[in-house]
Amino acid sequence: MTRALLDRDAALAGGLAAIRAEFTVPASFPRDVLAAAEVAARRTPDAHRDRTAMPFVTLDPATATDLDQAFAIEASGGDLLLHYAIADIGWFVADGDTVDHEAWTRGETLYLPDGKAGLYPPVLAEGAASLLPDGPRPAIVLTTRIAPDGSGRIEGVERAVIRSRAKLAYDAVTATDLPAGFADIARRIRAAEAARGATRVDPPDQEVTRGADGRLMLAFRPLLESERDNAALSLATNMAVADLLHANATGLFRVMEAPDAGAVARLRREAAALGLTWPEAMPLAAFERTLAAHDVAQATMMLAIRRAGGGARYEAYRADVAPWHAAVAARYAHATAPLRRLADRYVLTAALAVANGRPVPAATTEAFARLPKVMATADARAGRIDRAVVDLAEAVMLQNREGDSFAAVATDIDDRGVRIQLCDLPILARVDTTGIAPGDPLTVRLTAADPATRQISFAVKG
């Protein structure tokens, strides 16, 4: 999924309704699923240890109510113990029941600027299973030992009842609100990323807003430091879970190839189009770490790097294949967002089993074989919706600017024409022309911008 596109003024409202209809985004849940979820939500945890004395907190967008993760941190010599409590949706949803069947048809939560279509009914995802601070909640607590060099390993996995002390918000949290060691643990994890040569990027949100001239424009909202630090906790936990499962010959992994030589060459041309300096001897990972999301050109480049990989996918454990996620430069699994991704529920079940010396349930192993296809379908649908939303935003932004000229650089050529990067806007487009080589500058004229069809087109200015 791409970074969120925000539409605070509802400038995209009409087009978003059309996207929801085109991609059959569900507006609610079937009546029988809602009824089953109501019953499930009343299930009392009775296989969980009491960890309500531990000072867990959550950190999310202020408006979020489907809270997957809470954390507590404690020192252990020179190491830090990250206790990461993950919503125990598996306690409420049984394999093959009505709610589970619906979740398998959805695969993941779909996000649009005007709202989401959840994986599970709100009574669970935003109520009984969500780690809200209004009472005890069942969780699966993953304890990861983070060494001074940022490496991590699972110390324990248990079902526990926890009580969040506070629902902290990215845009309002202060250092004193957070557990001691939060900033240190995030720093260690990021240092380990750099040492591994990871190319993982956290591009900013894009937001449809109005400029000083009243025109709609796509602006960037850089991630806050609290968001980046919080993402580091999730990253370290997911990597440690992947190592645990792989060592026990089981699991479902998130894998991704590195950009190939052609993609890196194209990225270099996009960097040139944006006026960014990328020394020839500097690897992509090092260049990525120089980018700052508060600068429009650099933020646009971060988005380009994110698009350039081979595409992430899921793979079940195989003895003859070493799962690898090139952007993370490590083994990687999705375990920390079970309210939003179907696969995470099964990864957590497997981690809970192997960490406690038990066999992985047969239903979980069978699910690992089925999930790559199911999640690929869900990811592809989410990707098409994300692309449609971006196309809509670009068409709305450029509406009524037909005839305007824009500086651009050719980044690639294929049988569909010349792909271009606009120099002053975060827009990739194509033009039908000849006699252009990759890297050539050119001036293009906007010939059409139609929000109804989400289409924009350019022609080379003669």
| said: Here is a check on your reading of the model: is I427 touching a helix residue (DSSP H, G or I) at 6+ places or on another chain (Cβ under 7 Å) and either within 30 Å of A18 (Cα to Cα) or modelled with pLDDT of 85 or more (or both)? | reply: yes
| field | Counted residues, the stretch 199-240 - those being at pLDDT 90 or above and aromatic (F, W, Y) | value | 0
| said: Taking the condition of being within 28 Å of A147 (Cβ to Cβ), in contact with a strand residue (DSSP E or B) (Cβ under 6 Å, 6 or more places away or on another chain) and not polar (S, T, N, Q), how many residues in the stretch 43-66 meet it? | reply: 7
| If we scan the stretch 235-258, do we find a residue that is among the aromatic types (F, W, Y) and either within 30 Å of G181 (Cα to Cα) or assigned to a helix (DSSP H, G or I) (or both)? | yes
| note | The lone condition A388 fails out of (1) surrounded by 13 or more Cβ atoms within 10 Å (Cβ to Cβ); (2) of a type in the set (G, A, S); (3) outside the structural domain of R20 (by TED's automatic domain parsing) is (3)
| Name the pairs whose Cβ atoms lie under 6 Å apart, with the first residue in the stretch 344-371 and surrounded by fewer than 21 Cβ atoms within 10 Å (Cβ to Cβ) and small (G, A, S), the second assigned to a helix (DSSP H, G or I) and at pLDDT 95 or above, and 6 or more positions between them or separate chains? | none
| query | Do we find a residue being assigned by TED's automatic domain parsing to the domain that holds H334, over 30 Å from A330 (Cα atoms), out of contact with any Leu (no Cβ under 9 Å at 6 or more places or on another chain) and in a loop (DSSP other than H, G, I, E, B) anywhere in the stretch 136-156? | reply | yes
| query | If A285 satisfies every condition in (1) of a type in the set (A, V, I, L, M, F, W, C); (2) within 30 Å of A410 (Cβ to Cβ); (3) modelled with pLDDT of 90 or more but one, which is the exception? | reply | (3)
| remark: Those residues of the stretch 38-63 which are closer than 18 Å to K116 by Cα and either touching a helix residue (DSSP H, G or I) at 6+ places or on another chain (Cβ under 7 Å) or outside any loop (DSSP other than H, G, I, E, B) (or both) amount to D60
| field | Unmet requirement for L119, which otherwise passes all of (1) over 21 Å from the mean Cα position of the chain (by Cα); (2) in contact (Cβ under 8 Å) with a residue 60 or more places away in the chain; (3) buried (at least 18 other Cβ atoms within 10 Å of the Cβ) | value | (1)
| request: Enumerate the strands (runs of 3 or more DSSP E) found wholly within the stretch 397-437, keeping only those where 1 or more residues are under 32 Å from the mean Cα position of the chain (by Cα) and not assigned by TED's automatic domain parsing to the domain that holds T453. | output: 405-414
| field | Looking only at the stretch 81-99, and only at residues there that are surrounded by 20 or more Cβ atoms within 10 Å (Cβ to Cβ) and part of a helix (DSSP H, G or I), the one that is nearest to the chain's Cα centre (by Cα) | value | I89
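The values are calculated or read from the model by the stated rules, or taken from the named source; none is laboratory data. Because the structure is predicted, anything quoted here is derived from the model rather than measured. Note: ideal-geometry Cβ built from the backbone for every residue, glycine included; neighbour counts use all protein chains shown.
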